[in-house]
Amino acid sequence: MSFASRSAQALRTASRRAPRSVANVATKSQRASYSLLARTVSAVPSKATAVQQQTRGVKTLDFAGTKEVVYERSDWPLAKLQDYFKNDTLALIGYGSQGHGQGLNARDNGLNVIIGVREGGESWKQAQEDGWVPGETLFSIEEAIKRGTIVMNLLSDAAQSQTWSKVAPLITKGKTLYFSHGFSVVYKNDTHVIPPKDVDVILVAPKGSGRTVRTLFKEGRGINSSIAVWQDVTGKAKEKAVAIGVGIGSGYMYETTFEKEVYSDLYGERGVLMGAIQGLFLAQYKVLRANGHSPSEAFNETVEEATQSLYPLIGQYGMDYMYNACSTTARRGALDWAPIFEKTNIPVFEKLYESVKNGTETRKSLEYNSRSTYREDLARELKEIDDQEIWRAGKVVRSLRPDIQQ
Ligand SMILES: NC(=O)c1ccc[n+]([C@@H]2O[C@H](COP(=O)([O-])OP(=O)(O)OC[C@H]3O[C@@H](n4cnc5c(N)ncnc54)[C@H](OP(=O)(O)O)[C@@H]3O)[C@@H](O)[C@H]2O)c1
């Protein structure tokens, strides 16, 4: 039996032994209401661990020895949420990945949402396809800001900087300014985004793509988000951030600052979330190929087994569980090599963190994403990845999955 099939078998065994996930337990009718879903969570049979013994809600939880405050959706039943925002109009500026996910979720939660994008652009078309109606719920950026009480700036980070001179005068006293990234205000020397002094400035940053914000919500689950306050004029800024976080589909939220949010986010996506993972996959694949392994073998041993068999185990039950689910041979080798990868990579991660903190990453991003050709340039670079042998081989491997073959 190959390592892959042993791992697959371990996954099946794991599924039998382990507690069912929240998504698996929620029935269709439960998915319609997140307060119902929250009740379902406490009914899930669980491992007797300290984590699961802690009570749910707004409170301080012990995260591996460090106490942190968390906010949960269960404290905001839909009726309370709708009542809280009954006099508000959420003007969501930009309809890219986050605009789509957050806007549709907030609308489905019964909040009064309007969209502001440039007329005739790609986002305008997409918003119309999603049922936003020109003149009723879909407006130019300027018009939407004028109509909104809570202005959710979900333009691309580069566009937030480019448009700020037009946006700023419209953010008048009494409105709330919302971001999903600390980028614009933290790197103000580069972006020139300096919020007016007389408005609350808050942040809800979903820890995932806007597409996931939407799909998790539709499944009755919720994305994890961080919340932060940059400016609290009303004394209600944090409460508002938590409430909007729930409105846009968050499951639980943890507190951060704008600075920490942007540092960790830029760092994480350049690191294991995206940059490092492509770099590591490619490095491993190339060495296998250089040693005469076929594309099929190299891809299976690098990507397919990781994403289809082992990484889901880490996600559901943790690293030790995944190790335990593999052969003794695999375990021994992984235990020996993990510290070598850690030691080798720490200097790279330190360099990356510094590059984030000193604004180098921000300036590169602003320069690149402010080009009028940013969509075409990005498409070209992504095509280059798509054309790499590893990912071309991957398409064939994926096409051979029995569930795709019917
Ligand atoms: N994507 C994520 O995974 C993620 C996760 C968490 C937080 N965030 C944060 O959420 C915010 C939105 O991110 P996103 O990924 O949703 O952005 P995005 O997909 O890049 O959104 C682009 C939006 O900006 C508009 N836009 C671009 N250039 C413009 C310009 N010069 N003038 C006016 N509009 C312009 C686009 O409109 P057109 O179609 O008209 O070009 C589109 O509506 C950012 O602060 C981001 O850091 C993103």
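The values are calculated or read from the model by the stated rules, or taken from the named source; none is laboratory data. Values in this document were obtained by computation on a predicted structure and should not be read as measured data. Note that we place each Cβ from the backbone using ideal geometry, even for glycine, and neighbour counts take in every protein chain shown. Note: accessible area is taken over every heavy atom of the protein model, side chains too, but ligands, DNA and RNA are not part of it. Shrake-Rupley method; radii C 1.70, N 1.55, O 1.52, S 1.80 Å.
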Among the listed residues 359, 318, which satisfies the condition of being within 16 Å of the ligand (Cβ to nearest atom), open to solvent by less than 50 Å² (accessible area, probe 1.4 Å) and within 23 Å of residue 270 (Cα to Cα)?
359
Filtered residues of region 259-268 (kept if open to solvent by less than 40 Å² (accessible area, probe 1.4 Å) and either assigned by the TED database to the domain that holds residue 223 or farther than 21 Å from residue 231 by Cβ (or both))
266, 268
Can you list the strands (runs of 3 or more DSSP E) lying wholly within region 67-186 that have 2 or more residues being among the β-branched types (Val, Ile, Thr)?
113-116, 150-153
Kindly check whether there is at least one residue in region 184-193 that is open to solvent by 20 Å² or more (accessible area, probe 1.4 Å), under 23 Å from the mean Cα position of the chain (by Cα) and either touching a residue at least 60 places away in the same chain (Cβ under 8 Å) or away from the ligand (no atom under 13 Å from the Cβ) (or both).
yes
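Yes/no per residue for (1) open to solvent by less than 90 Å² (accessible area, probe 1.4 Å); (2) at pLDDT below 95:
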residue	(1), (2)
307	yes, no
326	yes, no
332	no, no
336	yes, no
388	yes, no
404	no, yes
Can you confirm whether residue 197 is under 18 Å from residue 370 (Cβ atoms), out of contact with any His (no Cβ under 8 Å at 6 or more places or on another chain) and open to solvent by 30 Å² or more (accessible area, probe 1.4 Å)?
no
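Yes/no per residue for (1) acidic (Asp, Glu); (2) out of contact with any Phe, Trp or Tyr (no Cβ under 7 Å at 6 or more places or on another chain):
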{"site": "92", "(1), (2)": "no, yes"}
{"site": "95", "(1), (2)": "no, yes"}
{"site": "115", "(1), (2)": "no, no"}
{"site": "120", "(1), (2)": "no, yes"}
{"site": "125", "(1), (2)": "no, yes"}
{"site": "129", "(1), (2)": "yes, yes"}
{"site": "160", "(1), (2)": "no, yes"}
{"site": "163", "(1), (2)": "no, yes"}
{"site": "170", "(1), (2)": "no, yes"}
Scan region 97-116 and give yes if some residue there is among the hydroxyl-bearing types (Ser, Thr, Tyr) and farther than 25 Å from residue 241 by Cα, otherwise no.
no
Only one of 238, 207, 173 is touching a Pro at 6+ places or on another chain (Cβ under 9 Å) and either of a type in the set (D, E, K, R) or under 17 Å from residue 90 (Cα atoms) (or both), namely 173
Just need a number here: residues in region 112-168 that are of a type in the set (Lys, Arg) and touching a strand residue (DSSP E or B) at 6+ places or on another chain (Cβ under 7 Å).
1
Where in region 308-406 are there helices (runs of 4 or more DSSP H), lying fully within it, with 1 or more residues that are in contact (Cβ under 8 Å) with a residue 40 or more places away in the chain?
311-317, 319-324, 328-357, 360-369, 374-386, 389-399
Scan region 260-283 and give yes if some residue there is more than 16 Å from the ligand (Cβ to nearest atom) and not in a helix (DSSP H, G or I), otherwise no.
no
Identify all residues within region 211-232 that are more than 13 Å from the ligand (Cβ to nearest atom), within 22 Å of residue 260 (Cα to Cα) and open to solvent by 60 Å² or more (accessible area, probe 1.4 Å); write none if there are none.
230, 232
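Sort through 101, 94, 57, 110 and tell me the only one that's surrounded by fewer than 15 Cβ atoms within 10 Å (Cβ to Cβ), within 25 Å of the chain's Cα centre (by Cα) and modelled with pLDDT of 90 or more.
One residue alone meets the criteria, 110.
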With criteria (1) more than 9 Å from the ligand (Cβ to nearest atom); (2) on the phi > 0 side of the Ramachandran plot, residue 120 comes up short on (1)
Select, from 82, 162, the only residue that is surrounded by fewer than 18 Cβ atoms within 10 Å (Cβ to Cβ) and at pLDDT below 95.
162
Looking only at region 362-385, and only at residues there that are more than 23 Å from the chain's Cα centre (by Cα) and surrounded by 11 or more Cβ atoms within 10 Å (Cβ to Cβ), the one that is modelled with the lowest pLDDT:
371
So which of 271, 247, 275, 235 ends up being out of contact with any Cys (no Cβ under 6 Å at 6 or more places or on another chain), crowded, with 22+ Cβ neighbours inside 10 Å and modelled with pLDDT of 95 or more?
247
